[in-house]
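Okay, structure first, notes after.
The values are calculated or read from the model by the stated rules, or taken from the named source; none is laboratory data. Bear in mind that the values here come from a model prediction, so they are computed numbers and not experimental data. No Cβ is skipped: glycine too gets one built from the backbone with ideal geometry, and neighbour counts run over all protein chains shown.
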Amino acid sequence: MEAVCVARRRGRDRSHELERLAELAGEASADAAVAMEVREGDLAEAPPAPAPPDLTAAAFFDVDNTMMMGASIFHLARGLAARKFVTTSDMMRFAWQQLKFRVGGREDKDSIRSAREGMLSFVAGRTVDEMVAVSEEIYDELMADKIWAGTRALAQMHIDAGQRVWLVTATPVELAAVISRRLGLTGALGTVAESNDGVYTGRLVGDLLHGRAKAHAVRALAAREGLNLRRCSAYSDSSNDIPMLSVVGTAVAVNPDTGLREVARARGWEIRDFRTGRKAAKIGVPSVLGAGAVAGAVAAGIAYRRR
């Protein structure tokens, strides 16, 4: 009996520690997203908004198998291997994980832990500026042609309604920000690697932005940006992202795995599948944004102009 009690206590302690790390990862990701948005606004003149800004609604998109075919971290690994950032054995391991991910569309604990360790080996001792520059090159070479046109159209729909759009991904926040810029989105929430004086230490701030950490990040960003989560939307392919999908008012399953498809049907969430020709990328605004969100965008825009 005593051994059982000890095991349960250790399990609770472990669960609390994982939750603490997830919350820390989410807070760090939100801070990084806001900081990047401010810096980019200072560096370049923002293009005119296509619609009045809706200040309290936004959309959050997962990346891997939702916005992009395959896993961004493995495309990154492939690009880094070509630049001698990683070894041949590392690349073989990542290639095998990418194959499993592309075929099954699911993430498991071993692959997530391996991706975490691999990402730290990528960046330790490198500079943040170097990683940003390399990420730009790798996106253009390996990722640009893997964007799902249907999902990108969904994101554009929110932008056209005057809403902000963020990516939410376990991939490094620097790469996530590059993808966001290339797609013309607002910004990105991603895994934050610790750095001192612009050089990566080889440690993460918290943990990977994965599972519950994504939900923490969305909540943290909403608090910083003044968003009403009931008026926000979220999109993902994975049952691992159910915590994130559950914190917003409108959840949409995109290219869903079996677990997410079942949950989406049970909860009445919309399902979009762009993996076959059966589903056209024809977007109807009322089906995702909702009439209330569109009306809110107009009202928010009027109030913004009056101020």
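From the list 203, 230, which one is of a type in the set (Lys, Arg) and within 29 Å of residue 269 (Cα to Cα)? Steps first, answer last, please.
On the way: 203 fails: within 29 Å of residue 269 (Cα to Cα).
It is 230.
Kindly provide the set of residues from segment 53-70 that are of a type in the set (S, T, N, Q) and crowded, with 24+ Cβ neighbours inside 10 Å, ordered by number.
If the condition is that a residue be of a type in the set (S, T, N, Q) and crowded, with 24+ Cβ neighbours inside 10 Å, then 65, 66 are the ones that fit.
For every residue, the table says whether it meets (1) at pLDDT below 95; (2) farther than 30 Å from residue 54 by Cβ.
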| site | (1), (2) |
| --- | --- |
| 131 | yes, yes |
| 142 | yes, yes |
| 147 | no, no |
| 151 | no, no |
| 157 | no, no |
| 163 | no, no |
| 167 | no, no |
| 172 | yes, no |
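Condition check: at pLDDT 95 or above and under 21 Å from residue 143 (Cα atoms). Does residue 189 satisfy that? Break it down into steps so the answer makes sense when it comes.
On the way: at pLDDT 95 or above: yes; under 21 Å from residue 143 (Cα atoms): yes.
Yes; evaluated as a whole, the condition is true for this residue.
Pull up segment 28-45, narrow it to residues that are surrounded by 12 or more Cβ atoms within 10 Å (Cβ to Cβ) and among the charged types (D, E, K, R), then point me to the one that is modelled with the lowest pLDDT.
40
Condition test on residue 180, is it within 22 Å of residue 25 (Cα to Cα), surrounded by 24 or more Cβ atoms within 10 Å (Cβ to Cβ) and either touching a residue at least 24 places away in the same chain (Cβ under 8 Å) or out of contact with any helix residue (DSSP H, G or I) (no Cβ under 8 Å at 6 or more places or on another chain) (or both)? Can you show your working first?
On the way: within 22 Å of residue 25 (Cα to Cα): yes; surrounded by 24 or more Cβ atoms within 10 Å (Cβ to Cβ): yes; either touching a residue at least 24 places away in the same chain (Cβ under 8 Å) or out of contact with any helix residue (DSSP H, G or I) (no Cβ under 8 Å at 6 or more places or on another chain) (or both): yes.
Criteria met by residue 180.
Counting only residues that are of a type in the set (D, E, K, R) and not in a strand (DSSP E or B), which one in segment 143-172 is farthest from the chain's Cα centre (by Cα)? Give the steps one after another, and end with the answer.
Of the residues in segment 143-172, the ones of a type in the set (D, E, K, R) are 145-146, 152, 160, 164.
Remaining after also requiring not in a strand (DSSP E or B): 145-146, 152, 160.
On the way: 145: 18, 146: 16, 152: 14, 160: 20 Å.
Among those residues, the one meeting the criterion is 160.
Checking residue 246 against (1) touching a residue at least 60 places away in the same chain (Cβ under 8 Å); (2) within 16 Å of the chain's Cα centre (by Cα); (3) under 24 Å from residue 56 (Cβ atoms), which single condition isn't satisfied?
The single condition residue 246 does not satisfy is (1).
Select from segment 2-27 the residues that are of a type in the set (A, V, I, L, M) and either outside any helix (DSSP H, G or I) or modelled with pLDDT of 60 or more (or both) and write down the one among them that is surrounded by the most Cβ atoms within 10 Å (Cβ to Cβ). Reasoning before the result, please.
From segment 2-27, those of a type in the set (A, V, I, L, M) are 3-4, 6-7, 18, 21-22, 24-25; that's our starting set.
Now narrow it down to the ones that are either outside any helix (DSSP H, G or I) or modelled with pLDDT of 60 or more (or both): 18, 21-22, 24-25.
Values: 18: 14, 21: 18, 22: 23, 24: 17, 25: 29.
Looking at the filtered set, the residue picked out is 25.
Answer with yes or no whether residue 55 is modelled with pLDDT of 85 or more and either part of a helix (DSSP H, G or I) or within 21 Å of residue 218 (Cβ to Cβ) (or both).
Working: modelled with pLDDT of 85 or more: yes; either part of a helix (DSSP H, G or I) or within 21 Å of residue 218 (Cβ to Cβ) (or both): yes.
It is true that residue 55 is modelled with pLDDT of 85 or more and either part of a helix (DSSP H, G or I) or within 21 Å of residue 218 (Cβ to Cβ) (or both).
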